[in-house]
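The values are calculated or read from the model by the stated rules, or taken from the named source; none is laboratory data. This one's a predicted model, so the numbers in the text were calculated from it and none came from an experiment. With ideal geometry, Cβ positions are generated from the backbone for all residues, glycine too; neighbour counts draw on all protein chains shown. These area figures cover heavy atoms from the full protein model, side chains too; ligands, DNA and RNA do not enter into them. Shrake-Rupley method; radii C 1.70, N 1.55, O 1.52, S 1.80 Å.
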Amino acid sequence: MLERVPAARLVLVQKMESGLAEAIVGYRDDPVVGPIVLVGAGGTLAEIYGDYALRLAPVSEDEAEEMIARVKGLATVRGYRGLPRGDVRALATSVAALSRLALIAGHPVAEAEINPLIVKREGVVAVDALVVMKE
């Protein structure tokens, strides 16, 4: 027989991830301007620097790459000063995919955030995410 365990006692164990940089990717259905998407330097840098680019959602992968190019904290994944290049296209794909929440009929998602999204040489890995549904 299984015992019901209180949520405070549950533990989630995941594989440790590392990469070239951490990004934040966010979506919000703003009550004034409508759906917006954000990409910026992630992890603790998101709070320290507030280094990000915003656009009305949805965006294409090419538009997402333009957004990424505007974020100074993501210069490292663009091969800045000979550093290894990260998979900017995979990051752009993630930004574009999250921005497509704007296309869902009735806009049931109020906001969503992936922070950090680890950018690797090949691919990206979402480490932590939050989705808030509209009431």
Proximal lysines relative to residue 120, as straight alpha-carbon distance under 30 Å, when same-chain residues fewer than 8 apart are discounted | 15, 72
Listed values (i) 16.4, 59; (ii) 15.7, 48; (iii) 18.9, 57, entry calculated as Rg and Dmax of the Cα atoms in Å | (i)
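Provide 18, 60 ordered by accessible surface of protein heavy atoms (probe 1.4 Å), highest first.
Numbers: 18 85, 60 50 Å².
Largest accessible area first, the residues go 18, 60.
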Remind me, relative contact order of region 40-135 in percent, using alpha carbon pairs under 8 angstrom and six or more residues apart?
-> 24
Using a 10 Å Cβ count of at most 10 others and DSSP loop calls, identify the longest part of the chain lacking such trypsin sites (Lys or Arg not before Pro).
-> 16-133
Considering only the other residues whose Cβ falls under 13 Å of the Cβ of residue 44, what net charge follows from Lys and Arg at +1 and Asp and Glu at -1?
-> -4
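Loop only per DSSP, at most 15 neighbouring Cβ atoms within 10 Å: give me the GluC sites (Glu not before Pro) in region 25-133, ordered by residue number. Mind dumping the intermediate values first?
Details: sites: 47, 61, 63, 65, 66, 111, 113, 122; in loops: 122.
Sites meeting the loop and neighbour criteria: 122.
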Reduced to Cα centres, the span from region 96-118 to region 66-83 in Å works out to 23
Each label sits 7 Å from Cα toward the beta-carbon; between residue 61 and residue 49 the label points are separated, in nm, by 2.6
